[in-house]
Each structure stands twice: as structure tokens, then as C-alpha cells.
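Please read the structure below before turning to the comments.
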2 protein chains.
Amino acid sequence: MALAADVLGDRWTLLILREAFYGVTRFDDMQADLCAPRSALADRLRRLVDAGLLKKTPYREPGSRARDAYLLSERGRDLAPTFLALTAWGEKHITRQPAPVDIRDSETGARLRVELLDDQGFVVPLRRARLRLRR
Amino acid sequence: MALAADVLGDRWTLLILREAFYGVTRFDDMQADLCAPRSALADRLRRLVDAGLLKKTPYREPGSRARDAYLLSERGRDLAPTFLALTAWGEKHITRQPAPVDIRDSETGARLRVELLDDQGFVVPLRRARLRLRR
DNA sequence: ATCTCTGAGTCTTGAAATTGAACTTAGAGC
DNA sequence: GCTCTAAGTTCAATTTCAAGACTCAGAGAT
């Protein structure tokens, strides 16, 4: 997780990833949403691409030249459970309101949630969870 | 999640929380583990206490005066699923090795994992997950 | 009482990162 | 050509950070 902190441990990076999860893919849109300095945004996007979480992908608006959008790569999308767990935490402890986002099953359309499961697939409430260091 | 990024969006904070999850509670132990500058560590611990994620708790080593340890509060422990999901991500994409930690059910001792569940409690593989913005 | 030791910080100062705003660039269409 | 736009880049001013020396409070020894 040390390396995760290296990439994610930054005021803008988490917010940029949230934008990416929300489907915002363009520089100026992110800049407008986050009010981040353009230089900071450019720098973080570059790092996220270098780290393989985002992927520059060309797109073309009719009447404009080709540009690059920033899409989540597989590695980035794999942060979805982390993202969803963090969102749930924020709903409970910070905003006390549902976040304007959910994750759904692409096949059934069911709304998904993150849970702790034991080895038999039973849901275990958070209060029973204990962390253990192996050695 | 904006506020989450406010507290967590920092190079040291994530690592400090990891220490806390690993059961390290004392200033000098964390300092030795992380090699963080003492001033940075003091500052981040203060913020985490202010944000309610850690709780200063007096302890006393025989032959020493009373000091404060930093324990996860309930709000902090509620980050366990986030933490576990992030750890799983790191195992898959960064270290490619199991992290030296697991979360267990305090009643059965079973090792726990984080999964996405649909509304009927069935596990849904990550690849079928789609994020949707509600409006 | 005084001395010394330890864990937990604080202080100081040079180095690095960040901000905000203006500027640049590459192509599309007129 | 000329102009327009999204996507950056550049730069001076400011803010934050790092490293390590220093301080502090109490405990036990002398």
C-alpha cells in the first residue's frame, strides 16, 4: 500500500479519480469542476497516466480537431470497490446524505454495495471485523 | 467524498492510517516505521484526531510517565472496508504479493474479504460493475 | 533536591511544491 | 491567412515541507 499512497496521496489525485469515476473525461471539464490550477491538473493527470490508472484516448468533437480524453484503465476501474467503500464511509460520517452515484450490475441493473464476506460467502457486519498482522 | 480527500489527500495521512490499522499507536514507533519528519507526523496526527479518525488515549509504561497513544476511533475503524479494498488493489496491481495483514471475523476467526453484492446478496464480479450518476 | 533519561513533540531554515494568471499550440473552419 | 477553442505550459509569488537540532515533562537514581 506504500505505493498506493505514493500515487493517491495527494489532494487533487483523489478528486480527479472521482471525476473519472463520475464519467468526466476532459481536461477543461475537470478543471471547471474542481477549480484546480491548470498546471496542477496537467501534472496529476500525467502521473495518473504514467501510473496506469488513466489512459489517454483520442476523441473528436465534430468541427474540432482530435483531442485526448482521460478514461479509467482497467487498473483504475479496479479501484471501484475502494471508491465505493470510501463513498459509503463519507455518506455515513461526513455528508450524512447519499452520494449522487451508484454502482450497478451491467447485466441485471441491480444496485451494488460493498460488504465484508467470510470464507463461506456470508456477510459479516463491520463491527465484528478485526485486523490482524501476519508474520 | 470531497471532505474525505481533504483529510486523506496527503502523502503521510494514508500511511499513518495504515500504521493505525496495523496496530501501531505510538508517535515514535510510527516515526520509525514511516521515516516521516517528526513535525509532519505531529501535524497529521493532530488533524486525524481533529477529524475524529484517531483518538488520543493515555497509556502508561511502568517506570514512565503517562503518555498518549493514538487509537482508531469508530469513525476511523469504519474505513476498514476502504482499507481492505485498497490493500486488495495494491496486491493485484502493485506488489503482486499478499499484504502482511488480514481482516478476520472476531467471532469465527474466518478471514474476510471485500466483495460487491447485488440487492439479493449475490456476489457480482468487478467486471460487471458500472458506475452511474444519479440526477 | 538535583541529575539524567526518554518519549513526544516544537522550532528553524533551506528546499520543493503549489497557485493564479497569462501565454502558447495545433488544428478546424471561414 | 485569420480566428476560435481545448489543452496544456510557463513563471513569479507564495505556501508547504523536510531534516534535524532543540525543548519539555515527568520518573527514577543519586
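Select from segment B:83-122 the residues that are in contact with a strand residue (DSSP E or B) (Cβ under 6 Å, 6 or more places away or on another chain) and more than 7 Å from every other protein chain (Cβ to nearest Cβ) and list them in ascending order.
Within segment B:83-122, B:LEU84 is the sole residue that qualifies.
Quick check, is B:SER39 surrounded by fewer than 16 Cβ atoms within 10 Å (Cβ to Cβ) and either at pLDDT below 95 or at the interface with another protein chain (Cβ under 7 Å from one of its Cβ atoms) (or both)?
no
Quick one: which residue in B:ALA51, B:ALA88, B:ALA66 is hydrophobic (A, V, I, L, M, F, W, C) and more than 17 Å from the chain's Cα centre (by Cα)?
Answer to the selection: B:ALA66.
For segment B:4-38, which positions are more than 26 Å from A:ALA99 (Cα to Cα), over 12 Å from the mean Cα position of the chain (by Cα) and among the small types (Gly, Ala, Ser)?
B:ALA32, B:ALA36
Picking from A:SER64, A:SER39, which residue would you name as being over 20 Å from A:GLY9 (Cα atoms) and of a type in the set (Ser, Thr, Tyr)? Break it down stepwise before answering.
On the way: A:SER39 fails: over 20 Å from A:GLY9 (Cα atoms).
After ruling out the rest, the residue left standing is A:SER64.
Take the residues in segment A:74-107 that are of a type in the set (S, T, N, Q) and buried (at least 18 other Cβ atoms within 10 Å of the Cβ); name whichever of them is nearest to DNA strand C (Cβ to nearest atom).
If we take residues in segment A:74-107 being of a type in the set (S, T, N, Q) and buried (at least 18 other Cβ atoms within 10 Å of the Cβ), then A:THR82 is nearest to DNA strand C (Cβ to nearest atom).
All but one of (1) buried (at least 19 other Cβ atoms within 10 Å of the Cβ); (2) at pLDDT below 95; (3) within 16 Å of DNA strand C (Cβ to nearest atom) hold for A:ARG65; which doesn't?
Failed condition: (1).
Among the residues of segment A:8-33, which ones are basic (Lys, Arg), farther than 18 Å from A:LEU84 by Cα and either touching a Lys or Arg at 6+ places or on another chain (Cβ under 8 Å) or away from DNA strand C (no atom under 11 Å from the Cβ) (or both)? Talk me through it step by step, then tell me what you get.
Kept after step one, since they are basic (Lys, Arg), are these residues of segment A:8-33: A:11, A:18, A:26.
Filter again for farther than 18 Å from A:LEU84 by Cα, leaving A:11, A:26.
Selection gives A:ARG26 alone.
The values are calculated or read from the model by the stated rules, or taken from the named source; none is laboratory data. Bear in mind the structure is a predicted one, so any value in this text is a computation, not a measurement. Cβ: placed from backbone, ideal geometry, glycine included. Neighbour counts: every protein chain shown.
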